[in-house]
Amino acid sequence: MLEQVRKRAEADARTYGYFLHPDPEFLNDLLEGLKRNEERYGYPSCPCRLASGVFEYDRDIICPCDYRDPDVQEFGSCYCALYMRKDLYEGKTPIRSIPERRPPEKMARAYATSAEAPSGKAPTPTAPSTAVVAAKETTQVKKKIWYCKQCGYVCFREDPPYVCPICKAKREMFAELTLRTDAQG
Amino acid sequence: MLEQVRKRAEADARTYGYFLHPDPEFLNDLLEGLKRNEERYGYPSCPCRLASGVFEYDRDIICPCDYRDPDVQEFGSCYCALYMRKDLYEGKTPIRSIPERRPPEKMARAYATSAEAPSGKAPTPTAPSTAVVAAKETTQVKKKIWYCKQCGYVCFREDPPYVCPICKAKREMFAELTLRTDAQG
Amino acid sequence: MLEQVRKRAEADARTYGYFLHPDPEFLNDLLEGLKRNEERYGYPSCPCRLASGVFEYDRDIICPCDYRDPDVQEFGSCYCALYMRKDLYEGKTPIRSIPERRPPEKMARAYATSAEAPSGKAPTPTAPSTAVVAAKETTQVKKKIWYCKQCGYVCFREDPPYVCPICKAKREMFAELTLRTDAQG
């Protein structure tokens, strides 16, 4: 299972031309954190951030998080230092601490839900690890179809990505793609 | 023409951080196989698998096949050993035989069609190399719009991919995107 | 600002396995050109081509332009030599001049608009840098939803890409995705 987590991270790094943290022990700790979160929540949320346990509220911090690509682009590594640029991996550029890019309102929303969850009505379980996901997914978060005005990339999310995964255009290049009636996941 | 096939494979390898098989002769044989299939069927189906000649039934084995990314991730190379990870390319990890990941039902469907084709009604040709494609495409295979619940990637296929090409989430992270009416920008 | 332009180009090169031009001065000139265009037009159009100033007519030459991937695949570098393959970057293959792949009708359309713009009715500004974009975007260019018949990649553009960014299939593999009630291909 840890090997699966590692292989996914390696595959992801390969596609984007990133490197995983060079220190094997530090890297292992991060991968163990991802594995633990996947076991606990059903998805590998960021090992350096507190998850709420509600899929839709944690979606932006599921690894690779929404902030990874702009952070590697700007600072050379992601928040956790799991993914990094070659110059940092090779020690040519020092690894520095990365400011938290996650918007405060997303944190607030996640923490509010997290606090609510144990007291209130429990979600009806449908399958062992995806119960919470299924119960909450369609209700609280409004998703839209976005497209990149530069390259045309289409995605279905709450907000557009910070960086287009295809052409690297900035978030401002995304616009909503309006279809006549409504999308539902 | 062989050079085009090679360049496409090289471009594909570059994007995903893969390498093509290091042995020039073995590589050439695979590329020749792709070229032959492209000439015969109109699409470069896998040189190591038997194609049916019906586009939609062979779609999952058109190179790069649907199984390449999970196979490279798990075993270090694709079924043919055309695409591989750096450690295998450099001989640091031995190249091993890869189990066939293609589901038996897809094979059965393709072979059934393949056997049918010459005896029964021939598809009406519309253009030299895409005749069969056009004739069969819309009829037998039901495609859906899928999105990755993790990163929002949208695709239109029969089944979701095994691995999200954008964030590497597993197939289970894909859900169907249901749209009510017609598209407009 | 120049550093932002550089970082975006570097990120883009990393994802596709490309390299930026090895000569630091030549590279700087190209990046300065991109920066200048971004300041002038609101988007980083190609530093080696004449832009019209109308977003939709320049869209295909916004860097990375529509022609980069087929050009790197065929010739080893893009039109400007900003992006290149490793063998050219390392000087193993000489850098050659690349024929202009942009279709004459797109040039004609852009130049016609460019000449019109100052004389005729000015677009109503809505926001500082995106005014022209907003005013022209939905009117003159008809966009469609396209999907790659090979891998299912979906995009929303005037024409399909020359090369599928996900599976590298050729433009001919793209078809229009018409949405009626339920999706059908």
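Restricting to segment C:1-12, give me the number of residues that are more than 7 Å from every other protein chain (Cβ to nearest Cβ) and not hydrophobic (A, V, I, L, M, F, W, C).
Final tally of qualifying residues: 4.
For A:Leu31, state whether it is of a type in the set (A, V, I, L, M), farther than 21 Å from A:Pro103 by Cβ and either in a loop (DSSP other than H, G, I, E, B) or modelled with pLDDT of 95 or more (or both).
Considered against the rule, which asks whether it is of a type in the set (A, V, I, L, M), farther than 21 Å from A:Pro103 by Cβ and either in a loop (DSSP other than H, G, I, E, B) or modelled with pLDDT of 95 or more (or both), A:Leu31 comes out as yes.
For C:Pro70, all conditions in the list (1) modelled with pLDDT of 95 or more; (2) surrounded by 23 or more Cβ atoms within 10 Å (Cβ to Cβ) hold save one; what is the number of the exception?
Failed condition: (2).
Could you list all residues from segment B:7-27 that are assigned to a helix (DSSP H, G or I) and under 23 Å from B:Asp87 (Cβ atoms)?
Scanning segment B:7-27 gives B:Ala9, B:Glu10, B:Ala11, B:Asp12, B:Ala13, B:Arg14, B:Thr15, B:Tyr16, B:Pro24, B:Glu25, B:Phe26, B:Leu27.
Taking interchain pairs and intrachain pairs at least six residues apart, which have beta carbon atoms under 6 angstrom, with the first residue in segment C:92-114 and more than 19 Å from C:Tyr67 (Cα to Cα) and among the polar types (S, T, N, Q) and the second surrounded by fewer than 16 Cβ atoms within 10 Å (Cβ to Cβ) and modelled with pLDDT of 90 or more?
The qualifying pairs are C:Thr93/C:Asp87.
Go through the residues of segment C:50-65 one by one and say whether even a single one is without any contact (Cβ under 8 Å) to a residue 40 or more places away in the chain, out of contact with any His (no Cβ under 6 Å at 6 or more places or on another chain), at the interface with another protein chain (Cβ under 10 Å from one of its Cβ atoms) and not small (Gly, Ala, Ser).
Yes, because at least one residue in segment C:50-65 is without any contact (Cβ under 8 Å) to a residue 40 or more places away in the chain, out of contact with any His (no Cβ under 6 Å at 6 or more places or on another chain), at the interface with another protein chain (Cβ under 10 Å from one of its Cβ atoms) and not small (Gly, Ala, Ser).
Any chance you could count how many residues in segment B:150-181 are polar (S, T, N, Q) and more than 7 Å from chain A (Cβ to nearest Cβ)?
0
Return the only residue of C:Val163, C:Val141 being at pLDDT 95 or above, surrounded by 13 or more Cβ atoms within 10 Å (Cβ to Cβ) and within 16 Å of the chain's Cα centre (by Cα).
C:Val163
On the given criteria, is C:Thr15 free of Cβ contacts under 8 Å to residues at least 40 places away in the same chain and either within 14 Å of chain A (Cβ to nearest Cβ) or surrounded by 23 or more Cβ atoms within 10 Å (Cβ to Cβ) (or both)?
So C:Thr15 fits the description; yes.
Residues that are under 21 Å from the mean Cα position of the chain (by Cα), at pLDDT below 95, crowded, with 21+ Cβ neighbours inside 10 Å and assigned to a helix (DSSP H, G or I): does segment C:124-138 have at least one?
Scanning segment C:124-138, I find at least one residue that is under 21 Å from the mean Cα position of the chain (by Cα), at pLDDT below 95, crowded, with 21+ Cβ neighbours inside 10 Å and assigned to a helix (DSSP H, G or I), so the answer is yes.
Checking C:Ser45 against (1) in contact (Cβ under 8 Å) with a residue 24 or more places away in the chain; (2) out of contact with any Ser or Thr (no Cβ under 6 Å at 6 or more places or on another chain); (3) of a type in the set (Gly, Ala, Ser); (4) closer than 24 Å to A:Asp69 by Cβ, only one condition comes out false. Which one?
Among (1) in contact (Cβ under 8 Å) with a residue 24 or more places away in the chain; (2) out of contact with any Ser or Thr (no Cβ under 6 Å at 6 or more places or on another chain); (3) of a type in the set (Gly, Ala, Ser); (4) closer than 24 Å to A:Asp69 by Cβ, C:Ser45 violates only (1).
Residues that are outside any helix (DSSP H, G or I), hydroxyl-bearing (Ser, Thr, Tyr), crowded, with 23+ Cβ neighbours inside 10 Å and within 14 Å of chain A (Cβ to nearest Cβ): does segment B:40-47 have at least one?
No: zero hits.
In segment C:85-103, what residues are in contact with a Phe, Trp or Tyr (Cβ under 9 Å, 6 or more places away or on another chain) and under 26 Å from C:Tyr41 (Cα atoms)?
Residues satisfying the conditions are C:Ile98, C:Pro99, C:Glu100, C:Arg101, C:Arg102.
The values are calculated or read from the model by the stated rules, or taken from the named source; none is laboratory data. Given the structure is predicted, the values throughout are model-derived calculations rather than measurements. Cβ coordinates were reconstructed from backbone atoms using ideal geometry, including for glycine residues, and neighbour counts include every protein chain displayed.
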